[in-house]
């Protein structure tokens, strides 16, 4: 099977049968991520324990196949990891879609590396990075609409 077809199948599988789509019963953090240029809209929910480990995560909302698959793959990768590890994965992912990541950084992303070609489709980069940027704003910047930090209102994950 050609590599591009395999990548397409991975994205389709995560879009059509997402493991992490739904609601957490008692999330520690919730944040809305919006891509106003195409209408992608997700609510990312994370459960963080007292040791700063991501113990569970879900997302809800609507959007294109790339935004939905990317959020699902991201959660596959960060659940069971520390906040610092999750943020490192996000940094690697952002480097990958900007074509600045090393082969090792891309490999660390496991299935999310299937989105590497997004770097060549500028209109789709915001779709692919929506979940990742939302996670960064939660874990790095402390933005949340519920849970551990003070509410910030409806936050957008637009590029600043």
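Each value in this text was obtained by applying a stated rule to the coordinates, not by laboratory testing. The shown structure was predicted, so the numbers you read here are calculated from the model rather than taken from an experiment. Because the Cβ atoms are built from the backbone with ideal geometry, glycine has one as well, and the counts that use them run over all protein chains shown.
Sort 53, 121, 96 so the one with the fewest other Cβ atoms within 10 Å of its own Cβ comes first.
The fewest-first ordering by Cβ neighbours comes to 121, 53, 96.
Grab the DSSP H runs of the chain that are 4 residues or longer, score each as -39,500 (n - 2.57), total them, divide by all residues and round the 222 nm result to the nearest 500 deg cm²/dmol. Each step should come with its number before you reach the end.
On the way: 5 runs with 67 residues, N = 160.
It lands at -13500 deg cm²/dmol.
Sorted from fewest to most neighbouring beta carbons within 10 Å, what does the list 143, 9 look like?
Least to most surrounded, the residues fall as 9, 143.
Compute the distance in nm between two label points, each set 7 Å from the Cα along the Cα-to-Cβ direction, one at residue 99 and one at residue 123.
Simple spin-label model gives 1.8 nm for this pair.
Full extension from residue 9 to residue 25: what is 0.36 nm times the residue separation minus their Cα-Cα distance, to one decimal in nm?
On the way: separation 16, 0.36 × 16 = 5.76 nm, distance 3.07 nm.
Answer, rounded to one decimal: 2.7 nm.
Only Cα pairs under 8 Å and at least 6 apart count here; give the relative contact order of the range 3-146 as a rounded whole percent.
Once divided by the residue count of the range 3-146, the mean separation gives 27 percent.
If you rank 110, 104 by fewest surrounding Cβ atoms within 10 Å, what's the result? Provide the component values of the computation, followed by the final result.
Working: 110 13, 104 8.
Taking fewest neighbouring Cβ atoms as first place, the list is 104, 110.
Please report the relative contact order for the range 1-70, taking Cα pairs under 8 Å with a sequence separation of at least 6, and give it as a percent rounded to a whole number. Don't skip to the answer; put the middle values down first.
Numbers: 104 pairs, mean separation 23.9, N = 70.
Relative contact order here is 34 percent.
Going out from 0 in 10 Å bins, what whole percent of all Cα-Cα distances in the range 3-146 drops into each bin?
13, 47, 35, 6, 0
Round to the nearest 10 and give me the degree value, 0 to 90, for the angle of helix 65-78's Cα axis relative to the longest principal axis of the chain.
So the inclination is approximately 70 degrees.
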